[in-house]
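Asker: Mind having a look at this structure? Questions to follow.
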């Protein structure tokens with residue numbers, strides 16, 4: 001299983017507790033993140049900030065962009081765009097994943113944490129104001145870190 005470890009270093013033990021004298025420089029504090037290679041089913045889409053949907057009284061996760069060649073694009077997930085008059089056309093709003101309600105990004109990422117790349121999921125979306133549209137998506141994967 002992959003992991004994320006946070007290491008905190010204060011120089012020699014006890015130095016951080018000393019109060020610096022007038023002419024001495026304080027001991028620097030360093031921290032580093034060390035993580036192994038993580039392959040996860042993070043969505044390969046761009047999503048809008050949560051306040052975007054709150055402003056229009058909707059819940060779920062608004063899709064901003066779906067890059068070509070991704071599993072989401074292959075499944076027909078639609079991103080936000082502009083029409084021929086320049087008016088904004090909202091993309092799909094994810095409202096469920098395998099029948100489990102998605103009201104926020106936290107819900108979406110929590111549901112995805114239980115999945116692996118290659119898993120097939122049924123994504124419920126609101127599309128063009130029509131609720132209950134369902135799309136089958138095979139989850140892609142991303143490498144999000146590597147130990148050096």
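The values are calculated or read from the model by the stated rules, or taken from the named source; none is laboratory data. Bear in mind the structure is a predicted one, so any value in this text is a computation, not a measurement. Here the Cβ positions follow ideal geometry from the backbone for every residue, glycine too, while neighbour counts run over all protein chains shown.
Asker: What do you reckon, is residue 59 surrounded by 12 or more Cβ atoms within 10 Å (Cβ to Cβ) and not in a loop (DSSP other than H, G, I, E, B)?
Answerer: No.
Asker: Out of 43, 49, 28, 71, report the one residue that is at pLDDT 50 or above and surrounded by fewer than 15 Cβ atoms within 10 Å (Cβ to Cβ).
Answerer: Within the list 43, 49, 28, 71, the selection yields 49.
Asker: Mind listing whichever residues of the stretch 64-78 are over 11 Å from residue 135 (Cβ atoms) and either touching a strand residue (DSSP E or B) at 6+ places or on another chain (Cβ under 6 Å) or not assigned by TED's automatic domain parsing to the domain that holds residue 120 (or both)?
Answerer: 64, 65, listed by residue number.
Asker: Within the stretch 121-138, can one find any residue that is assigned to a helix (DSSP H, G or I), at pLDDT 90 or above and farther than 14 Å from residue 44 by Cβ?
Answerer: No, the stretch 121-138 has no match at all.
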